[in-house]
Amino acid sequence: MMSFLLALLGLVTLTSAASTADWKPRVVYQTMTDRFARTDNSTTSPCSTKDGLYCGGTWRGTINHLDYIEGMGFDAVMISPIIDNIKGRVSYGEAYHGYWPLNFDALNARFGTHQDLLDLSDALHARGMYLMMDTVINNMAQIIPNGTDPNKEVDYTVFNPFNNKDYFHPYCKITDWNNFTDAQNCQTGDLNVPLPDLYTEHEDVQNLLIDWAKKAIKTYSIDGLRIDAAKHVDSGFLTRFCTNVGVFSTGEVLEGAVDIISHYQAEYIGSMPNYPIYFQMLQAFTMGNTSALALEVEAMKQSCPDVNALVSFSENHDKPRIGSMSNDTAVCKPALQQIILTNQTD
């Protein structure tokens, strides 16, 4: 199982689309759907995580474990991206994570059916819990022969609805991840699985993505979105997307610099994972540098328009578990407590 904690503060309502204020009090349990729970509840079925293969987790399996999640004090669940992903395997695995999109108009059948996802949403809402959907709007994906040229090998006709090369930026490899123009116009994939970068400056691409998101939100009563690779999405479109989808959205901007996060919140998107605090929290609870954490908390309070709208977390699917960084597993509890205290500080 994989989890991470999101702690936010504010009002609660279940009668309309969930806003930032509605999400602020929520404590969210992230499930990587394939890795969390199988429909048959088996914990002994073969699962080759080292090889990055599917392990059989489903939405139905998640339903079966809502007592467990709620019993720990969580009142929202985040699930992996729901759309159909590419088939096949490369040296480091399959698309079990959900971040290699192929078809926006179909669900990932490995996770379950349309009815399974409806039932998961209903089961959460019956408990007064929220459903957050991880969301990919930056790219599509394709497996190509290793070492070949993505500019020549990618077959754009297989993507849905983006079945034309004109929907994408011309291929280029990111050479400077700190250069936002480079990071937003070039591809985040590799020569095994290129991730053709959607031309999100283009109105047609924007409208297709917004229409898809609004339909998914309405169909499955989604309460909030986590936008994957938000740093790599055109900044202007990021704002338009969040404004139009009608629910709370938090976007992944994997940056530890306070000025970058505060600028993104002021200009583009109201919520992001609080990476500046995350990095300093690691220093505090694994290296003993607590003074730096206190200074970072104060810097965030002074710099961000609404620091309490940022998502505090101790670990996620991109980062190692805190317990793996120290032989003293007791460091985990203070780290989780710090998440709550950070967001309770005005």
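The values are calculated or read from the model by the stated rules, or taken from the named source; none is laboratory data. In this text the structure is predicted, and so the values were computed from the model without any measurement. Quick reminder, even Gly has a Cβ in these numbers, built from the backbone with ideal geometry, and neighbours come from all protein chains shown. Ligands, DNA and RNA are excluded from the accessible area calculation, which covers all protein heavy atoms including side chains. Shrake-Rupley method; radii C 1.70, N 1.55, O 1.52, S 1.80 Å.
I want to confirm something. Restricting to the stretch 76-91 and keeping residues that are in a loop (DSSP other than H, G, I, E, B) and in contact with a Leu (Cβ under 9 Å, 6 or more places away or on another chain), which single residue is surrounded by the most Cβ atoms within 10 Å (Cβ to Cβ)? Can you show your working first?
We begin by selecting, within the stretch 76-91, every residue in a loop (DSSP other than H, G, I, E, B); these are 80-82, 86-89, 91.
Among the residues that remain, those that are also in contact with a Leu (Cβ under 9 Å, 6 or more places away or on another chain) are: 82, 86-87, 89.
Numbers: 82: 24, 86: 18, 87: 11, 89: 13.
My answer is 82.
Report, by residue number, each residue of the stretch 50-64 that is assigned to a loop (DSSP other than H, G, I, E, B) and of a type in the set (D, E, K, R).
50, 51
Output the residues belonging to the stretch 109-125 that are open to solvent by 20 Å² or more (accessible area, probe 1.4 Å) and not polar (S, T, N, Q). Steps first, please.
Our first condition is that a residue be open to solvent by 20 Å² or more (accessible area, probe 1.4 Å); within the stretch 109-125, this holds for 109-110, 113-116, 118-119, 122-123, 125.
Across the stretch 109-125, the qualifying residues are 109, 110, 114, 116, 118, 119, 122, 123, 125.
Residues of the stretch 191-215 being among the charged types (D, E, K, R) and more than 20 Å from residue 253 (Cα to Cα), which ones? Don't jump to the end; show me each part of the working.
Start the filter on the stretch 191-215 by keeping residues that are among the charged types (D, E, K, R), which leaves 197, 201, 203-204, 211, 214-215.
203, 204, 211, 214, 215, listed by residue number.
If the requirement is being touching a helix residue (DSSP H, G or I) at 6+ places or on another chain (Cβ under 8 Å), modelled with pLDDT of 95 or more and in a loop (DSSP other than H, G, I, E, B), which of these qualifies: 227, 222? Give the derivation first.
On the way: 227 fails: in a loop (DSSP other than H, G, I, E, B).
That would be 222, the only listed residue that is touching a helix residue (DSSP H, G or I) at 6+ places or on another chain (Cβ under 8 Å), modelled with pLDDT of 95 or more and in a loop (DSSP other than H, G, I, E, B).
Write out, first by first residue and then by second, each pair whose Cβ atoms fall under 7 Å of each other, whose residues are 6+ apart or on separate chains, and whose first residue, in the stretch 152-165, is within 19 Å of residue 191 (Cβ to Cβ) while the second is open to solvent by 50 Å² or more (accessible area, probe 1.4 Å) and among the basic types (Lys, Arg).
The qualifying pairs are 156/165.
Give the stretch 146-187 a look and list any residue that's in contact with a helix residue (DSSP H, G or I) (Cβ under 8 Å, 6 or more places away or on another chain) and not in a loop (DSSP other than H, G, I, E, B), or say none.
156, 165, 167, 168, 180, 183, 184, 187
Residues in the stretch 125-132: is at least one touching a residue at least 40 places away in the same chain (Cβ under 8 Å) and farther than 23 Å from residue 311 by Cα?
Filtering the stretch 125-132 for residues touching a residue at least 40 places away in the same chain (Cβ under 8 Å) gives 125, 127-132.
Subset that is farther than 23 Å from residue 311 by Cα: none.
No, the stretch 125-132 has no match at all.
Identify the residue in the stretch 126-150 that is more than 30 Å from residue 217 (Cβ to Cβ) and open to solvent by 70 Å² or more (accessible area, probe 1.4 Å) and, among all such residues, is modelled with the highest pLDDT.
Result: 145.
Residue under question is residue 208, and the condition is that it be of a type in the set (A, V, I, L, M), open to solvent by 40 Å² or more (accessible area, probe 1.4 Å) and either assigned to a helix (DSSP H, G or I) or without any contact (Cβ under 8 Å) to a residue 40 or more places away in the chain (or both); does it hold?
Working: of a type in the set (A, V, I, L, M): yes; open to solvent by 40 Å² or more (accessible area, probe 1.4 Å): yes; either assigned to a helix (DSSP H, G or I) or without any contact (Cβ under 8 Å) to a residue 40 or more places away in the chain (or both): yes.
When the stated conditions are applied, residue 208 passes them.
Here are some residues: 34, 67. Which one is crowded, with 20+ Cβ neighbours inside 10 Å, modelled with pLDDT of 95 or more and part of a helix (DSSP H, G or I)? Step through it out loud before you land on a result.
Values: 67 fails: crowded, with 20+ Cβ neighbours inside 10 Å.
Going through 34, 67 in turn, the sole match is 34.
Of the numbered conditions (1) part of a loop (DSSP other than H, G, I, E, B); (2) touching a helix residue (DSSP H, G or I) at 6+ places or on another chain (Cβ under 7 Å); (3) among the hydroxyl-bearing types (Ser, Thr, Tyr), residue 121 fails exactly one; give the number of that condition.
Of everything listed in (1) part of a loop (DSSP other than H, G, I, E, B); (2) touching a helix residue (DSSP H, G or I) at 6+ places or on another chain (Cβ under 7 Å); (3) among the hydroxyl-bearing types (Ser, Thr, Tyr), residue 121 misses just condition (1).
Out of the residues in the stretch 221-231 that are out of contact with any strand residue (DSSP E or B) (no Cβ under 6 Å at 6 or more places or on another chain) and open to solvent by less than 20 Å² (accessible area, probe 1.4 Å), state the one that is nearest to residue 76 (Cα to Cα). Show your work before the answer.
Here is the first cut: in the stretch 221-231, the ones out of contact with any strand residue (DSSP E or B) (no Cβ under 6 Å at 6 or more places or on another chain) are 221, 229, 231.
With the extra rule that they be open to solvent by less than 20 Å² (accessible area, probe 1.4 Å), the set shrinks to 229, 231.
Numbers: 229: 22, 231: 25 Å.
Across the stretch 221-231, the extreme among qualifying residues is 229.
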